[in-house]
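Chemist: Dropping a structure here in structure tokens format, bear with me for questions.
The values are calculated or read from the model by the stated rules, or taken from the named source; none is laboratory data. Because the structure is a prediction, the values reported are computed rather than measured. Neighbour counts are summed over all protein chains in view; Cβ atoms, including those assigned to glycine, are modelled from backbone coordinates with ideal geometry.
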Amino acid sequence: MRSWALLRIGLLAMLVAPGVGACATDSDSEAHYHVVVRQEGRVLGEFDLARLRELPQSEIATPQSRGSQVQRGPELRAVLTAAGASAAATVRVAGSDPAQTLTAAELADQVVLSYTKRDTVKLAGANLDRDRWVRDVTAVVVNP
């Protein structure tokens, strides 16, 4: 009887153990999150948070924000340039909110991928209405 109980405990430990090892730490979530830039069906670049932080950083005033009145991160144009995107007439940004399409004129107007507390980035802009911001950006598609 005792050996049967030990066997059940051992099996239970094997079932639970993989979940323990799979728990994400802050650095793990940072490493797994990334933004993909695509153009004409090709992946031009993938940016994790570390690579985004290597790009020139901007701070923009966003009085329309419900939270922080200043957004910090790389300008979307800098991300496109780093990915090698060309002639962006429009850009579609997708994430956990409905995707938004920005024109070339809007890209030139202080639009950033702002860092969040969740170790993701959001699309935010100084002159971009709050309802056009996109949380947890995962994809940027040039000329969709």
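Chemist: Just one of D109, D119, D97, D131 is of a type in the set (D, E, K, R), more than 19 Å from I60 (Cβ to Cβ) and not in a strand (DSSP E or B); which is it?
Modeler: D119
Chemist: Would you point out which residue out of V43, V35 is of a type outside the set (K, R) and within 17 Å of T120 (Cβ to Cβ)?
Modeler: V35
Chemist: A further question on this structure: Looking at the range 103-117 only, could you name the residues that are within 17 Å of the chain's Cα centre (by Cα) and surrounded by 12 or more Cβ atoms within 10 Å (Cβ to Cβ)?
Modeler: Scanning the range 103-117 gives V111, V112, L113, S114, Y115, T116.
Chemist: Take the residues in the range 54-76 that are closer than 20 Å to V36 by Cα and touching a residue at least 40 places away in the same chain (Cβ under 8 Å); name whichever of them is surrounded by the fewest Cβ atoms within 10 Å (Cβ to Cβ).
Modeler: So, considering only residues that are closer than 20 Å to V36 by Cα and touching a residue at least 40 places away in the same chain (Cβ under 8 Å), the one surrounded by the fewest Cβ atoms within 10 Å (Cβ to Cβ) is R72.
Chemist: Based on this model, can you work out whether A85 counts as small (G, A, S) and over 12 Å from the mean Cα position of the chain (by Cα)?
Modeler: yes
Chemist: Also, I was wondering about something else. Could you check A124 against (1) closer than 24 Å to E40 by Cα; (2) touching a strand residue (DSSP E or B) at 6+ places or on another chain (Cβ under 7 Å) and say which number it fails?
Modeler: Unmet condition: (1).
Chemist: Among (1) at pLDDT 95 or above; (2) surrounded by fewer than 19 Cβ atoms within 10 Å (Cβ to Cβ), there is one condition V79 misses while meeting the rest; what is its number?
Modeler: Here V79 meets the rest and fails (2).
Chemist: So, V111, is that one hydrophobic (A, V, I, L, M, F, W, C) and closer than 17 Å to Y33 by Cα or not?
Modeler: In short, no.
Chemist: Can you name every residue in the range 82-101 that is modelled with pLDDT of 95 or more and either closer than 15 Å to R38 by Cβ or in contact with a Pro (Cβ under 6 Å, 6 or more places away or on another chain) (or both)?
Modeler: Across the range 82-101, the qualifying residues are A82, A83, G84, T90, V91, R92, V93, A94, G95, A99, T101.
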